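Each remark here refers to the structure printed beneath this line.
Derivation of every value follows stated rules applied to the coordinates shown; laboratory data play no part. Everything quoted here is computed from the prediction, not taken from an experiment. When we count neighbours, we look across all protein chains shown, and the Cβ atoms used for this are built from the backbone with ideal geometry, even at glycine.
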């Protein structure tokens, strides 16, 4: 049975970037924003003025929900067709309201910061807003750490055509880039995303290397504008932080993830101490590939011809069956999302690179974007994004303020799905070679989360320290990246086989909405291990606890969540050591199987 491989966006707003219903929705949103901006928030919170405060908070939430709905749709339009210039205009128009919403939040945060603790606590007891206590308290705390409301409003207005505009420049430039690539005697026009997929996954090492060289050359051509974008974004951010009195570039990402610096440092310390075990995997994999050492383009390459390729429908069925083994509710969601055409998976050159899952708070549904090529890797990507979708799904009836959670916890459900799917594949493996192929995928993910992302974090940390002094050249950026990669990979690869231009190629560095778009992935990778252990131990009782865990991700800080649901202290190394050891135990299994097959 075939399944649609394209998503259906018309059930949200019919007509794509020319949608009349979308245009009407944006106009209504504009009217609402204007009304909320006119609400005069009484400077003093007391029994008499409390109703006005409650109304202002609820109205601001309403703006957020509508903005979220429209923005998610526009991002889907831009992702599905990089030639849709009207979609870019729609997204830019919606971004204007993002700036106005952030100004509303800045006003509310600043005003709440001025209030007495006792009257503030009384306000939080109001049944209309009590469920969003965590969100409101965070905004109040943030208000005490920011500039005055008028200055923060000015920052947001300037950011629209400055800070955030550099991200749009990057996205549009990358989306428009096409590269001639000769394959099997034919010259094809490929996007950078398609070249990336080829250098990562082509079965022939010669093909991978050829694609990698073409990919690197493309980024060398794009590097001048990338460097300009990255330097200017960072300069804006550092200036903003300086005026706020924030002395660390990690202040914002840690706050966004409701995480302490102690927890982050402890996690990275354990990773740095233990990740060298992956060198045994890399050495065994290199031997299977007939080479001395892996290059960058070998890191997640396959090690043999997969015994099975999946149609999109087969991949969906495999994922649903795997989820059924641990959680019926999760399996039912995955089936529903696939059947309702919530997934865009077609492989075509006009799509942007990467994958994502976005939610629509008003219609209480999600959409998943990816490129499916029949490989086990793309099956894992589908499982990953369906995990994000399930997270949104279980929170769909919560107040919008409670549905805002840190990216670190967002990765919990997605990577959980990957673990379930991978173990299902291992259980169904028909031979040692098939088990080895699956373990290669699993340990390649470990390389990504424990080494590659560590390099991204180290690069960005070093970059901001240097950028505080001056703008960096292309060569300086590449030197920083090369140094970070060598350190994170324990100098495992040959000198000329890293990717120094990764600072240009990784779009996460250019996401102005999510600074330090790296460490949350490693956190989620390790935290999801704890979630998976719970699933294996609890059996049928797990589903209820899993929903409770996901629902709480927007209600408390990360350390409190871990204590409540797992009984662990994330500031101490024991949880992280157990998680990393659990991941790395597969290395010895892989090495033993590789030796057996080689013999």
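At a Förster distance of 35 Å, what's the computed FRET efficiency of residue 49 paired with residue 564, Cβ-Cβ distance as r, to 0.05?
0.50
Using 0.36 nm times the number of residues separating residue 346 and residue 571, minus their current alpha carbon distance, what extension gain do you get?
76.7 nm
Between helix 133-143 and the chain, what is the angle of the helix's C-alpha long axis to the longest principal axis, kept within 0 to 90° and rounded to the nearest 10?
The helix 133-143 is inclined about 80 degrees to the chain.
When the Cα centres of region 59-79 and region 333-355 are compared, how far apart do they sit, in Å?
19
Between residue 261 and residue 176, what is the label-to-label distance in nm when each label sits 7 Å out along the Cα-to-Cβ direction?
Inter-label distance under the simple model: 4.2 nm.
Taking 41 Å as R0, compute the FRET efficiency from the Cβ-Cβ separation of residue 207 and residue 536 and round it to 0.05.
0.55
In whole angstrom, and with the biggest value first, how far do the Cα coordinates of region 16-161 range along each principal axis?
Principal-axis extents of region 16-161 (Cα, largest first): 54, 29, 25 Å.
Could you work out how far the C-alpha centroid of region 163-231 sits from that of region 388-405, in angstrom?
The two parts, judged by their Cα centres, are 35 Å apart.
With n ≥ 4 as the cut-off for DSSP H runs, can you work out [θ] at 222 nm for the chain, using -39500 (n - 2.57) per run divided by the number of residues, rounded to the nearest 500?
Here the helix-only value at 222 nm equals -21500 deg cm²/dmol.
Using only Cα atoms, find the angle between the long axis of helix 261-274 and the longest principal axis of the chain, and express it within 0 to 90 degrees, rounded to the nearest 10.
Result, in degrees: 0.
Relative to the longest principal Cα axis of the chain, at what angle does helix 163-176 sit, 0 to 90 degrees, rounded to 10?
So the inclination is approximately 40 degrees.
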